[in-house]
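Just so you know, all these numbers are worked out from the coordinates, no wet-lab data involved. Computed from a prediction, not measured in an experiment: that's the story for all the values here. Cβ sites come from the backbone with ideal geometry, for glycine too, and all protein chains shown count toward neighbours.
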Amino acid sequence: MYSDFSRSDIDALMNQNITYNYHKYAVHYNDFINIMNTDYQLNSVSWTPTNVVFVTSFEHRKYPIYATMYHPEKPIYNKFPNP
């Protein structure tokens, strides 16, 4: 899923709060591991303000099925107007 990303993009995704997560519902990390891990590869996780881990992206191990649980089309910096 992220094979075309540059190393700096991967580092930013891993180390900065730059994805826009705005949902009521999410896939809990433990549910993914217990239910979906056989068919799907976990690619990324994030944390709620209360430190609950949830899945943010995954892909099918065999078929071209990809999913993100954040808004890749809406970077977090678009949320705030420029000064």
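Starting from 0.36 nm per residue, how many nanometres of slack lie between Y25 and V52 once their C-alpha separation is accounted for? Show your work: numbers first, answer last.
Values: separation 27, 0.36 × 27 = 9.72 nm, distance 1.24 nm.
The Y25-V52 span can extend by a further 8.5 nm.
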Counting other beta carbons within 10 Å of each Cβ, put M1, M14 in order, fewest first. M14, M1
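Test of understanding: what is the full-extension gain from K62 to S6, defined as 0.36 nm times their sequence separation minus their Cα-Cα distance?
Details: separation 56, 0.36 × 56 = 20.16 nm, distance 2.42 nm.
Stretched fully, the K62-S6 segment lengthens by 17.7 nm.
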